[in-house]
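Worksheet for the structure shown next.
The values are calculated or read from the model by the stated rules, or taken from the named source; none is laboratory data. Just so you know, these numbers come straight off a predicted model, no measurement behind them. Cβ placement follows ideal geometry from the backbone for every residue including glycine, while neighbour counts extend to all protein chains displayed. We work out accessible area using only protein heavy atoms, side chains counted, and drop any ligands, DNA or RNA first. Shrake-Rupley method; radii C 1.70, N 1.55, O 1.52, S 1.80 Å.
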Amino acid sequence: METYFDPLPLLGEERTLFGGKWADRLWLNVPGPFYGAGTDDCGTGRIHAPESVLYEGEHFTEYVYRQPRTAQELGQLVDAAEAEVFRAYACDGDDHWTPETVREWWRDRARVKEYLTARRSAWEADDAQSGQGTAAAADDYAAYIDGELAAHLRVCLFWLHERRSPTAADRLPQL
């Protein structure tokens, strides 16, 4: 049984780096505690957290496409938040996501995949200059949606409802 990685107790004073507002979050953020909300367009997020952060294709603002699952990934996301000049990453997503809104996001996942496909040429052009692998990360996000994200979101749903990680005896909710 997969467990829920609750990163917030590990943050400590680093929590002050996360000043983003829920109302400003980018719709491309995957459900979970972290999200980008009106970040800068300096292109630093992927430098620090390449397996968690992706750039929106039009303005290159940053968003979280994969929630951290280990202390190392959390540290990378903290580094990305620290480098972001507007302090517009946030860590209070679990206070805002509900089982209903997670399911709504999941039902609309085709929109995310269409967006990723449509913006590919912009990321390829950026990759030619920056070498950050943004186009490959967009492919990774699409594969994540098609693969293990459903299982991760079911654990997230359990967490949102129970505020604890599931055990082997628990039944996970359906998406």
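Between Leu8 and Arg171, 0.36 nm times their residue separation minus their Cα-Cα distance comes to what?
Extra length available between Leu8 and Arg171 comes to 56.2 nm.
Once you order the gyration tensor axes a ≥ b ≥ c over the Cα atoms, which shape class does the range 78-125 get: rounded for a/c under 1.5, otherwise prolate or oblate by comparing a/b with b/c?
oblate
Would you work out what percent of the accessible area of the range 46-165, with all protein chains in place, is carbon or sulfur (probe 1.4 Å)?
After summing per-atom areas, the C and S share lands at 48 percent.
With an 8 Å cut-off on Cα pairs and a minimum separation of 6 or more residues, tell me the relative contact order of the chain in percent.
26
What FRET efficiency, computed as 1/(1 + (r/R0)^6) with R0 = 25 Å and r the Cβ-Cβ distance, is obtained for Arg103 and Ala143, rounded to the nearest 0.05?
Given R0 = 25 Å and the Cβ-Cβ separation, E is 0.70.
In what sequence, largest accessible area first, do Thr117, Thr167, Thr44, Thr39 appear using a 1.4 Å probe?
Descending order: Thr117, Thr167, Thr44, Thr39.
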